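Shown next, in structure tokens, is the structure this report addresses.
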Amino acid sequence: MSIHPMSELPPAHPAAWPLLLEGERKLDRAALDEARAFAIANESTWPRSFYYPDGRYVGIVEWNEKGPWSEIVGPVRAREGASGLVVVGGKVAAEWGDTSRADMTFSVAKSYLAILAGVAVGDGLIRDIDEPVVRTVPGAHFTSAHNAQITWRHLLQQSSEWQGELWGKSDQVDHFRQVGASADNSRKGDERALMPPGSFYEYNDVRVNLLAYCLMMRFGRPLPDVLHERIMDPIGASKTWAWHGYSTSWVDVGGQRMQSVSGGAHWGGGMFISARDHARVGLLIGQRGRWGNRQLLPESYIEAMLAPSPTNPKYGYLWWLNRGGAASAHAPETAVYAMGAGNNIIWVDFESDVVAVLRWLDKSALGGFLERLMKAVKA
């Protein structure tokens, strides 16, 4: 995976982020303007309140969810319109909408969990990604013979097949779940026979929330505190972001009451963050975990995080890979992205030294935006 040396990293918020001036990089400005206009014109059809007129939460409708585990137990904040920015060589080349507003970001929060797992690896809190989690995380979540086999890698690659209930939600709620523009969730929530851990990929929010809990137990601290100290402060992010869990996810850790955060907004909660803060995180990944003269994440971990999983070659450790043109046949297979429903995207193109953040793009329009973006940067 090759990268260009970053020409400039942005100063800490709230200082002005430098703009990419005419002539600094070979860009097709007309194509970039077209990409920007395309994103604005193809705003998500989701209601801005996240609730339909009949009172149903948008995620429950999106994933055809029914049954006893559909209660919204985390905070929900209405969104604004489409927004985003394109950063080339560390400078802002295009921007639209309110990129400083902290909006819900749904499953992009999963990719932040992968980043925190990298911090835990670097600190030695996760000694071996293939070690069974039960060896270092106490409690009843891994005591069954089936669950005792689950490793950190399984949780990070969504192949754990963990069985149980967490925060009032059963793993069964996401059995047969699919994601993407053509997802068929007609069987979502139907019970199925479990496979051995590590042998089967399934996008499952209960199991991702379990990873968040396990990371909190290893750090012995709330994950937002760790993220703030180890990642967001060093990269100069704003103080406007917040990471929520559920009303049901409070636990006692070493005598301190902590809330275990969620890896998305399936039932509310999750990461509320701005497009500009997302872009800083994208730059950190584009620099293989390095920010200036500080290596915030082990480079070897970044390489592992962005390697294809055995059970899904288009997925790494809670990051998506553009292999086989998964998001765009026009972009290189080395590109990676964090993705949340809505659509929310952090796009990292190592070869072109480009980071793009998209907020509230219609789920059918991602390929069209990336086609226009690649036309602009390939100039």
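The values are calculated or read from the model by the stated rules, or taken from the named source; none is laboratory data. Bear in mind the structure is a predicted one, so any value in this text is a computation, not a measurement. Note that each Cβ is placed from the backbone with ideal geometry, even for glycine, and that neighbours are counted across all protein chains shown. Heads up: the accessible areas ignore ligands, DNA and RNA and are worked out on the full protein's heavy atoms, side chains in. Shrake-Rupley method; radii C 1.70, N 1.55, O 1.52, S 1.80 Å.
Between Lys378 and Thr311, the modelled labels are 3.5 nm apart [label points 7 Å from Cα along Cα→Cβ]. Each Lys or Arg adds one and each Asp or Glu takes one away; over the other residues whose Cβ falls under 14 Å from the Cβ of Val87, this sums to -1. Taking a ≥ b ≥ c as the square roots of the eigenvalues of the Cα gyration tensor, segment 22-142 is oblate, since a/c reaches 1.5 or more and a/b is not larger than b/c. Note on Thr45 and Ala16: the model spin-label points, each 7 Å out from Cα along the C-beta direction, lie 4.1 nm apart.
Residue by residue, segment 144-156 carries 3J(HN,Hα) couplings of 6, 4, 5, 5, 5, 7, 6, 9, 4, 4, 4, 5, 6 Hz when phi is fed to the Karplus relation 6.51 cos²θ - 1.76 cosθ + 1.60 (θ = phi - 60°); x denotes Gly or Pro. Peptide packing: for 286-299, 17-30, 166-179, the average count of neighbouring Cβ atoms within 10 Å per residue gives the ranking 166-179, 286-299, 17-30, highest mean first. Residue farthest toward the positive end of the dipole of the chain, with Cβ of Lys/Arg at +1 and Asp/Glu at -1: which of Val355, Trp167, Leu19? Comparing the listed Cα positions along the dipole, Leu19 ranks first. Under a model in which nothing but the beta-carbon of Lys, Arg (+1) and Asp, Glu (-1) is charged, the chain shows a dipole of about 260 debye around its Cα centre.
Going by average Cβ neighbours within 10 Å, how do the peptides 118-127, 204-213, 242-251 rank, with the highest at the top?
204-213, 242-251, 118-127
In order along segment 283-292, the phi-based Karplus estimate (6.51 cos²θ - 1.76 cosθ + 1.60, θ = phi - 60°) of 3J(HN,Hα) comes to 5, 4, 5, x, 9, 6, x, 9, 10, x Hz; Gly and Pro are listed as x. Take the Cα radius of gyration of the chain and divide it by 2.2 N^0.38 Å, N being the number of residues; the result is 0.94.
For segment 153-225, the orientation-averaged shadow of the C-alpha convex hull comes to 5.8 nm² (one quarter of the hull surface). Taking a ≥ b ≥ c as the square roots of the Cα gyration tensor eigenvalues, with a/c under 1.5 meaning rounded and otherwise prolate when a/b beats b/c, else oblate, which class fits segment 84-230? Because a/c hits 1.5 or more and a/b fails to exceed b/c, segment 84-230 counts as oblate. Identify the residues of segment 12-27 with backbone N under 17 Å of a label point that sits 7 angstrom from the Cα of His330 along the Cα-to-Cβ direction, or state none. Within reach of a label on His330: 27.
In order along segment 110-120, phi translates into HN-Hα couplings of 4, 5, 5, 5, 4, 5, 5, 4, x, 4, 5 Hz, rounded to whole numbers, per the Karplus curve 6.51 cos²θ - 1.76 cosθ + 1.60 with θ = phi - 60° and x for Gly and Pro. Using a Gaussian network model of the chain whose springs link C-alpha atoms within less than 10 Å, name the residue from Gly316, Gly180, Gly282 with the highest mean-square fluctuation. Judging by the Gaussian network model, the answer is Gly180.
The residues of segment 92-208 expose, per residue, 35 Å² of accessible area to a 1.4 Å probe.
Once the chain from Ala181 to Ala304 is taken as fully extended at 0.36 nm per residue, the excess over their C-alpha distance is 41.6 nm.
For Val261, the residues whose modelled amide H falls within less than 5 Å of its own, excluding neighbours fewer than 5 places apart on the same chain, are Leu223. Between Asp33 and Val251, the simple label model (points 7 Å from Cα in the Cβ direction) yields a spacing of 5.4 nm.
For Ala183, the shell of other residues with beta-carbons less than 11 Å away shows a net charge of +1, using +1 for Lys and Arg and -1 for Asp and Glu. Entry comment: accessible area of segment 284-379 is 32 Å² per residue, from protein heavy atoms only and a probe of 1.4 Å.
For the pair segment 155-178 and segment 10-30, the centres of their Cα atoms are 42 angstrom apart.
Solvent-accessible area of the chain (1.4 angstrom probe, protein heavy atoms only): carbon and sulfur portion equals 49 percent.
Amide H to amide H, with H built 1.01 Å from N, Phe50 comes under 5 Å of Arg79, counting only residues 5 or more places away or on other chains.
Classification of segment 331-374 by its C-alpha gyration tensor yields a prolate form. The axis ratio a/c (a ≥ b ≥ c) is 1.5 or more, and a/b outweighs b/c.
Charge tally for Met217 (other residues, Cβ to Cβ under 13 Å; Lys, Arg +1; Asp, Glu -1): +2.
Here's how it looks for Thr151: its modeled amide H is under 5 Å from those of Val133, which are all 5 or more places away or on a different chain.
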